[in-house]
Amino acid sequence: MTAAATEAQRTMAQIQGAPATSSAPNFLINGAAFCGVFGSPRIEERMNAGGGYRPRAEVVLRATRTQFSAAPKSQSTLTRTDITPHQSYRIESVDTHDPLFYVLTLVKVGG
C-alpha cells in the first residue's frame, strides 16, 4: 500500500472512531489481502421470499481504491481476518462514487 493510501486509511479510521494504529491487511477477497475500516453492524429489516420480515445485520467497509486493480465484485465472498474466528461476508453492493474509497456493504454468510 502506498504512503498516501495508508494515510487515507488512517484518516478514515479516525473519522469513524476506530483504532488507526495498524495498516496491516484485515480482509481477503479471492485470496488477496487488503486493508480497510469496518463500521459497526446495523440491523436492516428484509422481506422474506414467503412474505414477512426478518432482521439482517449489514456491515459497511471502507477501503482505499489504490489497493485494487478493479472494483470488488458484488456477490463475492470477503473474509475478515482481524477477528477470531475469521468471519465470512457476501459483498452485497459496492459504491464506486467516491474518488478515494470503495464503500462495500457486507452481509454475514449464513446470517
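In segment 32-52, the residues that are among the aliphatic types (A, V, I, L, M) form Cβ pairs under 6 Å with partners that are surrounded by 12 or more Cβ atoms within 10 Å (Cβ to Cβ) and assigned to a loop (DSSP other than H, G, I, E, B), at six or more places apart or across chains, as follows: Ala33/Pro25; Val37/Ala18.
Taken as a whole, the condition of being in contact with a helix residue (DSSP H, G or I) (Cβ under 7 Å, 6 or more places away or on another chain) and either modelled with pLDDT of 90 or more or exposed (fewer than 15 other Cβ atoms within 10 Å of the Cβ) (or both) applies to Phe34.
Residues in segment 53-81 that are free of Cβ contacts under 8 Å to residues at least 24 places away in the same chain and not charged (D, E, K, R) were compared, and the one that is farthest from Leu28 (Cα to Cα) is Tyr53. Ala33 meets each of the listed conditions (1) in a strand (DSSP E or B); (2) under 11 Å from the mean Cα position of the chain (by Cα); (3) not β-branched (Val, Ile, Thr) apart from (2). Within segment 82-107, residues that are in a loop (DSSP other than H, G, I, E, B) and surrounded by 13 or more Cβ atoms within 10 Å (Cβ to Cβ) sit with their Cβ atoms under 9 Å from residues that are modelled with pLDDT under 95 and among the polar types (S, T, N, Q), at 6+ positions apart or across chains, in these pairs: Asp82/Ser22; Asp82/Asn26; Leu100/Thr64; Leu100/Thr66.
The residues listed here are Arg46, Arg42; of these, the one that is modelled with pLDDT of 80 or more and either surrounded by 13 or more Cβ atoms within 10 Å (Cβ to Cβ) or not aliphatic (A, V, I, L, M) (or both) is Arg42.
The values are calculated or read from the model by the stated rules, or taken from the named source; none is laboratory data. Fair warning: this is a prediction, and the values are worked out from it, not measured in the lab. No Cβ is skipped: glycine too gets one built from the backbone with ideal geometry, and neighbour counts run over all protein chains shown.
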